[in-house]
Amino acid sequence: MSGRPHVLLITVDQWPGHLLASAGHPVIETPTLDQLARIGVRYTNCYSEVPICIPARRSLMTGTTARRHGDRDFQPALPMPDLPTLAASFAGAGYQCYSTGKLHVFPPRDRIGFHDAMLAEEGRGNLGGPDDYEMFLTDQGHAGTQFLHGMSNNEYGWTTWHLPNRCHVTNWTTETAARAIKRRDPTRPALWNVSYTHPHPPLVPLQTYFDRYARRELPDPVSPPTQDEASPYLLRATRDRYATLSPVQLADMRRAFYALCTHIDHQIRVLIGTLREEGLLDDTIIAFTSDHGDMLGDHGLYGKRLMYDGSARVPLIVLDRRGSDRLAQGDATDDRLVALHDLMPTLLDLAEIEVPKTCDGVSLVTGAAREYLYGECSSGVRATRMVRDARHKLIWYAAGNRFVLFDMIDDPEERQDLSDAPEMSEKLRELRERLRSNLYGSDLELLDGEQFVGLPEPTLPAPQNRGLSGQRGVHFPEPPRSDASVNTGAWAT
């Protein structure tokens, strides 16, 4: 080993933790990530403690929980908090820091400590003008056409990509990041943050990647409860958000989602190949993770914002530089409870950079295993909270004051609620107390002393969705005319 290591942090958007062949999925093709897992460490219980895009990325980039960084709801026009960031910490240690893809901060051109950032922000020109990917499409003769496939950024219809393959945002992100690697300052170590926007909808894979899944049999989704009216309000409201997909439509939607994943996996090979040809690969720490997952029809649910594992558990693979013994090697798995806010202190620790005292996360190299993990998402009637220990998960739905308890060892698909089982009364009491001790802010209004009272379950609203869950239109060179500071609804993303 020579000098300080480089760091390649690869993030994806909305990729569930179980969608890796190395995690046992019977259909998905992820050969590149599986190879990284074989020579690094795959963390099997990594959670997005706030499984929504912006709050999760705040945790990732500051090493803090929502209690410190201030967002558990999704606030697109909220500036980053005044906290040391991952990029600023590496930059302060002499690293050149570059980001490509999705940063998801406000204003969008806030580099949060990176020396430069090439942005692909999923058509959010209303928050700060066209991004670099939209400018690229214009240079290629496709101005304003990014979303002319007609698919929404938050729904589950699908079609294949409508522009040349090179213009797909996954290819653009890879090529832009690879050029940044080649254009590095050779006298300094580098941090490269490569943030892919997929497999988050719109579901628009390249035709070749959809075709490879088109005739494959897929496992059935986890069945929803037989009595939907008995489900907590949040689950009924979430199911009501999407029109029910037929079994054939659901299977094809999943095929399109898997195709986006495999496309990214193959593009990661280009990044690794660039590092290899530049003579940097052996001295580069590589980490791969997602901001949150997606239910993909399991339990009759879609999207994120839930504490089921499909939504809240994410992949995490970390590979140290060659010759280091600080992390396990050789197809290692680590079953500790870890979270996105652990990644910043872990990467700083591996690079031997002091971890800011503001970090709530712990280094996976030197930190002790936690007894339990707390998660939270949204406020008011859509609030859901979680406590997960080594074996059990407790979920609290504020609306209706409902508790659900799962045994994650015997029931990893979270089918059987044990909250009423007499033999689980002591475990239920223990986890409820741990959950209560983590409540803060407006959540304290949902308690009466030490007793949970929650909120009344409202009547389900009549479906409206005139905006088709954030459907985009024609963008660059003229940006959308909506108010940059307004979040137009609880589901706007």
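Compared with the alpha-carbon gap, the fully stretched path from ARG67 to ASN165 is longer by 31.1 nm at 0.36 nm per residue. Candidates PHE403, HIS115, TRP15 compared by Cα position along the dipole of the chain: farthest toward the positive end lies HIS115, with charges placed on Cβ.
Mind putting a number on the dipole of region 310-407 about its Cα centre? Charges go on the C-beta only, +1 for Lys and Arg and -1 for Asp and Glu, and I need it in Debye to the nearest 20.
Rounded to the nearest 20 debye, it is 480 debye.
Rounded to 0.05, the FRET efficiency of the ARG215 and ASP335 pair, given R0 = 41 Å and the Cβ-Cβ distance, is 0.70.
Taking Cα centre as origin and charging only the Cβ of basic (Lys, Arg, +1) and acidic (Asp, Glu, -1) residues, the dipole magnitude of region 6-371 rounds to 220 debye. When all alpha-carbon pairs of the chain are counted, what percent fall beyond 38 Å? Cα-Cα pairs in the chain separated by more than 38 Å: 21 percent.
What does the charge count around ARG434 come to, taking other residues whose C-beta lies under 9 Å from its C-beta (Lys +1, Arg +1, Asp -1, Glu -1)?
-2
Full extension of the chain between GLU433 and ALA77 yields a length gain of 124.7 nm, computed as 0.36 nm times the residue separation minus the alpha carbon distance.
Within region 6-371, antiparallel bridges make up roughly 20 percent of the DSSP beta bridges whose residues both belong there. Have a look at GLN140, VAL41, ILE264 and report the one farthest towards the positive end of the charge dipole of the chain, computed about the Cα centre with Cβ charges (Lys/Arg +1, Asp/Glu -1). The Cα lying farthest towards the positive end belongs to GLN140.
With the simple model of a label 7 Å out from the Cα in the direction of the Cβ, ARG466 to GLN249 spans 2.3 nm.
Helices in the chain, meaning DSSP H runs of at least 4 residues, each add -39500 (n - 2.57). Divided by all residues, the mean residue ellipticity at 222 nm is -7500 deg cm²/dmol. By the count of neighbouring beta-carbon atoms within 10 Å, fewest first, HIS25, HIS6, HIS392 end up ordered HIS25, HIS392, HIS6. For LYS304, the lysines whose Cα comes closer than 22 Å to its Cα, not counting residues fewer than 8 places off in the same chain, are LYS102, LYS393. For region 210-341, the Kirkwood radius over C-alpha pairs fed into Stokes-Einstein at 37 °C and 0.692 mPa s yields D = 184 µm² per second.
Put in line by how crowded their Cβ is, counting other Cβ atoms within 10 Å and starting with the fewest, CYS167, CYS53, CYS46 read CYS167, CYS53, CYS46.
Projecting the Cα atoms of ALA383, HIS104, CYS53 onto the charge dipole of the chain, computed from C-beta unit charges around the Cα centre, puts HIS104 farthest toward the positive end.
For PRO247, the shell of other residues with beta-carbons less than 14 Å away shows a net charge of -2, using +1 for Lys and Arg and -1 for Asp and Glu.
Every read-out reported here was derived from the displayed coordinates using simple, explicitly stated rules and does not represent laboratory data. Not measured: the values here are computed from a predicted model. Reconstructed Cβ throughout: ideal geometry from the backbone, glycine too, with neighbour counts over all protein chains shown.
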